[in-house]
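Participant: My questions will all concern the structure given below.
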Amino acid sequence: MARIIVVTSGKGGVGKTTTSASISTGLAKRGYKTVVVDFDVGLRNLDLIMNCERRVVYDFVNVIQGDATLNQALIRDKRVNTLYILPTSQTREKEALTPEGVEKVIKELSETFDYVICDSPAGIEHGALMALYHADEAIITTNPEVSSVRDSDRILGILQSKSWRAESGLEPVKEHLLLTRYNPDRVERGEMLSVADVEEILAIPLLGVIPESQVVLNASNQGLPVILEEDSDAGQAYDDAVARLLGEEREQRFLTSQKKGFFSRIFKGG
Amino acid sequence: MSNTATSGAQQVFQLKSASVSMTALELHYFDNDDFENALKDKISQAPGFFRDIPLIISLEKYEGLDSELDFFKIIGTCRRNNIHVIGVRGGNNDQRRLARGAALALIPGNGQRDRDHEAAPEKTELPEEPVARAAPEASPARIISQPVRSGQQVFAPEGDLIILAPVQAGAEVLAAGNIHVYGPLRGRALAGIHGDSAARVFCQSLEAELVSVAGHYKISEDLQDNGWKSAVQIQLRDDLLVVSPLDKA
């Protein structure tokens, strides 16, 4: 049985899709058979970040509606051969993800994969609920600012009450905090919440801190999961996060501004 | 003519919102003699309390026939005993029509309100820890050991509410009795919601959006000056909410 992990946040634009792409790539690189599912119907982005947008024939909604089989819709990644992408539909509504249809697809994926990564849309409506419903674990993607933290808190509450695990009275969804777009300089100047602040407010275990970096944007634009930028801070930070997700102990890095060479390292990756 | 002349003068009235705590009489069946005897018996236990109180008749647990439900008799009996029936809570449509015929106000029932809550997002049932019940008469405290998150509401309708985790901004905790938060209180806490003015709120760090005891409340702005971000208790003294540090209690 696969572990089902939702990448969610409540707030938009915090890095859910970037995180989904990198976490799934990182798991697959370690040999786990991994699929990443785009739940953001109508705002399809995952295929762009995974650089497979030109290979989409059938999508998640086609599979739910019985127009295609799962095998027809799954796209195999060209860089990591244990990684698959299930793209979503750009033309349908979120309601096309029926609870029964989603359950059927997730069940079928669980039979053949080790990890199913669900890339949630922003918000707390139907699409987000569908993405988190089957989760065993949740990666709460949060930016170090007040509104993002508040929305993450909200989505944590929903995970505790509306997920399948909560409804069935099972062991609760395992929660991980992933702090993205972290800028130690701005934290020092008091313009951003610190890791300690966010941890204190949300009170869930820290999976990792991804430094704010030009590399992330450049990688997205090139259709490259940033974890494959192995020399970059952000890529290494995602690699650490994947290792911790698998139970490895790794010290937190990139929490303080590196005086020398910090900017040169950031821009080198571009 | 005189109307136009008074336009600059004082208004006849102004409408304000008011919330009053009231006693509800939960009616199980109605027989006038039984009713009067039971009422007199109750009054004899606390004559001062019952003198001239407003009362609402709750029909949620009513099991008798609609035809036996004579509101005029109920009102008459209550008046003879100096109790003023002002309205009816709950009940089916026929019962409510009868109540209306007797010029009683109609108040939405608990059941109706609960259903509304269920429709609202996340009326969360956080897993509760088993509570030891040594004395069956004491209202059991509700114990919550997980954080109460933004958008969640936790309610202890009878006794105290004890939370061993943070209450986050945008969350709401309510109790008939006291509220204890062994963590930061960042959301809203309403103690004594049935009017118990002796109820208190205790928290390890006061960062609340709102704190209320028996309907008397203070918002975040008014809480900043006294005990903010420290361990405090909040209680009602002479209709005023008083915040005092826990270490000097």
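Participant: Between B:Asp247 and B:Glu63, what is the label-point separation in nm under the 7 Å Cα-to-beta-carbon projection?
Facilitator: Each label point is offset 7 Å from its Cα along the Cβ direction, giving 5.6 nm.
Participant: Taking Cα pairs under 8 Å and at least six residues apart, what relative contact order does the stretch A:79-190 come out at, in percent? Mind dumping the intermediate values first?
Facilitator: Values: 97 pairs, mean separation 25.3, N = 112.
The normalised contact order for the stretch A:79-190 reaches 23 percent.
Participant: With the contact rule set at Cα under 8 Å and sequence spacing of 6 or more, what percent relative contact order holds for chain A? List each step's numbers first, then the result.
Facilitator: On the way: 568 pairs, mean separation 63.0, N = 270.
This gives 23 percent for chain A.
Participant: Here is a follow-up. What pairs from A:Lys33/A:Lys162; A:Lys11/A:Lys107; A:Lys33/A:Lys78; B:Lys16/B:Lys61; A:Lys16/A:Lys174 go past 23 Å between their alpha carbons? Intermediate values should be presented prior to the final figure.
Facilitator: Values: A:Lys33/A:Lys162 28 Å; A:Lys11/A:Lys107 28 Å; A:Lys33/A:Lys78 14 Å; B:Lys16/B:Lys61 32 Å; A:Lys16/A:Lys174 17 Å.
Where the Cα-Cα span goes over 23 Å, the pairs concerned are A:Lys33/A:Lys162; A:Lys11/A:Lys107; B:Lys16/B:Lys61.
Participant: If the convex hull of the alpha-carbon atoms of the stretch B:174-249 is projected onto planes in all directions, what is the mean projected area in square nanometres?
Facilitator: Numbers: hull surface 16.8 nm².
Averaging across all directions leaves 4.2 nm² for the Cα convex hull.
Participant: Can you give me the span-like helices of chain A, meaning DSSP H runs with 20 Å or more of Cα extent along the axis and Kyte-Doolittle mean at or above -0.5?
Facilitator: On the way: long enough: A:99-112 (21 Å, -0.61); A:146-162 (24 Å, -0.12).
Helices meeting the span and hydropathy rule in chain A are A:146-162.
Participant: Summarise the partner chain shielding of A:161-170 as one whole number: the mean count of Cβ atoms from other chains within 10 Å of each residue's Cβ. Could the numbers behind the result be given before it?
Facilitator: Values: counts 9, 3, 0, 0, 0, 4, 0, 0, 1, 0.
Averaged over the peptide's residues, the number is 2.
Participant: Take the alpha-carbon positions of the protein assembly as shown, form their convex hull, and give its projected area averaged over all directions (one quarter of the hull surface) in nm². Present the calculation step by step, with values, prior to reporting the outcome.
Facilitator: Numbers: hull surface 144.2 nm².
It is 36.1 nm².
Participant: Using the basic label-point model (7 angstrom from Cα toward the beta carbon), what is the B:Asn82 to A:Lys33 distance in nanometres?
Facilitator: Those two pseudo-labels are separated by 8.3 nm.
Participant: According to a simple spin-label model (label point 7 Å from Cα along Cα-to-Cβ), what is the distance in nm between B:Ser44 and B:Arg97?
Facilitator: Placing both labels 7 Å along Cα→Cβ, they lie 4.0 nm apart.
Participant: Okay, moving on. Given the options A:Gly190, A:Ser110, A:Ser257, identify the residue whose Cα lies farthest towards the positive end of the charge dipole of chain A (+1 on Cβ of Lys, Arg; -1 on Cβ of Asp, Glu).
Facilitator: Positive-most Cα among the choices belongs to A:Ser257.
Participant: Another one. Return, for the Cα atoms of chain A, the radius of gyration and Dmax in Å, separated by a comma.
Facilitator: In Å, with Rg to one decimal and Dmax whole: 17.6, 56.
Participant: Does the stretch A:68-170 come out rounded, prolate or oblate, given a ≥ b ≥ c as the square roots of the eigenvalues of its C-alpha gyration tensor, rounded meaning a/c under 1.5 and, failing that, prolate meaning a/b above b/c?
Facilitator: On the way: a/c = 1.67, a/b = 1.48, b/c = 1.13.
Prolate.
Participant: In addition: Per Stokes-Einstein, at 20 °C and 1.002 mPa s, what whole-number D in µm² s⁻¹ belongs to the stretch A:121-222, with the Kirkwood radius over Cα pairs as the hydrodynamic radius? Before the final figure, lay out the partial values.
Facilitator: Details: Rh = 14.6 Å.
In µm²/s, the coefficient rounds to 146.
Participant: If one takes the accessible area of chain A alone plus chain B alone and subtracts that of the pair, with a 1.4 Å probe, what total in Å², rounded to the nearest 100, results? Let's see the in-between values first.
Facilitator: On the way: alone 12020 and 15140 Å², together 25950 Å².
Between A and B, the summed buried area is about 1200 Å².
Participant: For the stretch A:46-186, what is the charge dipole size about the Cα centre, in debye to the nearest 20, if Lys and Arg each add +1 at the Cβ and Asp and Glu each add -1 at the Cβ? Don't skip to the end; give the middle numbers.
Facilitator: On the way: 16 positive and 23 negative charges, 75 e Å.
So the dipole magnitude of the stretch A:46-186 works out to roughly 360 debye.
The values are calculated or read from the model by the stated rules, or taken from the named source; none is laboratory data. This one's a predicted model, so the numbers in the text were calculated from it and none came from an experiment. Methodologically, a virtual Cβ is constructed for each residue, glycine included, from the backbone with ideal geometry; neighbour enumeration extends over all protein chains shown. When the accessible area is computed, the model is the full protein with side chains, heavy atoms only, and any ligands, DNA or RNA have been set aside. Shrake-Rupley method; radii C 1.70, N 1.55, O 1.52, S 1.80 Å.
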